[in-house]
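Colleague: The following block contains the structure, expressed as structure tokens.
All of the numbers you see were taken from the coordinates with simple rules; none came from a lab. Since we're looking at a predicted model, the values are computed, not measured. Virtual Cβ from ideal backbone geometry, glycine too; neighbours counted across all protein chains shown.
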Amino acid sequence: MDFLIIWTGAEEWGLKGSNKFCSTHFKNLSQTYDLDRSYYINIDMVGTYIGLINKTGLIRKKLNTNFNDILVATANQLNIPIEKFNKIIKPKSDYKVFKKYARRTRKKLEISCFHSDKDSKYIHSLKDTPDKCSAEILNGCLNICIQALRSIDSRMERI
């Protein structure tokens, strides 16, 4: 299993970092990797808890086929609290750009997005203070991601 770790900037200014990355590299990614068997994790915002977007839009379409189920099962195994939630209006987040590019290449890239939606009220305000984000919660999110990917990798090895 290959891991690509990407940090993008300028999310707040029109998702420019992820748009630039995808416009420059997505064609090569889709030729190099089997995106139908690939996973994209967007850690957008982890604050006072770990939130995971489940369904979006008016018709509540699932963000992915089964990746969220794997992430939640992993969190439960690790005893790490996680909240799946539905959102009518999709948050402006980098996952949307990767989803758009995957759709263009007709790939079924499994996309997930960690987003502590209830904490959105603090962002870019005087209430946006360090106490809203703990090392324990951030580490929990990373542990969920690492363990879920290990689980997926071990299943692929058996196939």
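Colleague: Here are some conditions: (1) under 26 Å from residue 138 (Cβ atoms); (2) crowded, with 20+ Cβ neighbours inside 10 Å. Residue 35 meets all but one. Which one does it not meet?
Modeller: (1)
Colleague: While we're on this one: Report yes if some residue within region 40-55 is surrounded by fewer than 14 Cβ atoms within 10 Å (Cβ to Cβ) and over 16 Å from the mean Cα position of the chain (by Cα); otherwise report no.
Modeller: Within region 40-55, none of the residues are surrounded by fewer than 14 Cβ atoms within 10 Å (Cβ to Cβ) and over 16 Å from the mean Cα position of the chain (by Cα).
Colleague: Take the residues of region 100-140 that are loosely packed, with under 12 Cβ neighbours inside 10 Å and among the aliphatic types (A, V, I, L, M): which is farthest from the chain's Cα centre (by Cα)?
Modeller: 126
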